[in-house]
Amino acid sequence: MSTELRPPAGTILIVDDEERIVRVLERLLRGGGYTSIVSTSDAREAVNRFVEHSPDLMLLDLHMPHHDGYEVLSRLQPHMSADSYVPVVMLTGDSNPVARQRALSMGAQDFLSKPFDPLEVLLRIKNLLETRALHLALQRHNDLLE
């Protein structure tokens, strides 16, 4: 398995009510070579940031005031077409399997447990962004064939 961390291109949206966590993730991602990072510590801004910036991946805290991660996922649904693939990674310290299953059933693709392992964060993001890039390439190819 390759652990090369050369980042694929893409915009990453971070939504976490803990400003400290947002800053840690921003520093980690910048250190990993990611340059297009958008963030908010207010879950009520998540959908607007998503629509405005069209991210390629979203890091979303599960437990936040005003709107939890489930509510944000629900509010994002009208803004995600059926054939789009924008990975959502839930950030949580909650190890409850029911919480994880609910998030997965609502469209989350992966989880990162707090506290984070920096290498794991970068590897999971890299893998999901590569998958998104392949999905977009396949869509372009299908469009050409039509």
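The values are calculated or read from the model by the stated rules, or taken from the named source; none is laboratory data. For clarity, every value in this text was computed on a predicted model and none was experimentally measured. Accessible surface areas use protein heavy atoms only, side chains included; no ligands, DNA or RNA. Shrake-Rupley method; radii C 1.70, N 1.55, O 1.52, S 1.80 Å.
Things to note:
- Mean ellipticity per residue at 222 nm, deg cm²/dmol - from DSSP H runs of n ≥ 4 across the chain, formula -39500 (n - 2.57): -14500 deg cm²/dmol
- Contact order relative to length of the chain, as percent, for alpha carbon pairs under 8 angstrom and 6 or more apart: 24 percent
- The distance from the alpha carbon centre of the stretch 75-143 to that of the stretch 6-65 is 13 Å, rounded to a whole number.
- Ordered by solvent-accessible area of protein heavy atoms (1.4 Å probe), largest first, the residues 35, 131, 11 come out as 35, 131, 11.
- Computed P(r) (all Cα pairs; the stretch 64-146; 10 Å bins; percent): 15, 41, 32, 10, 2
- Length, then width, then depth: along the principal axes, the Cα atoms of the stretch 12-117 run 32, 31, 24 Å.
- Normalising by residue count, the stretch 42-84 has a Cα convex hull of 70 Å³ per residue.
- Span-like helix ranges in the chain, DSSP H, alpha carbon extent 27 angstrom or more, Kyte mean at least -1.0: 118-145
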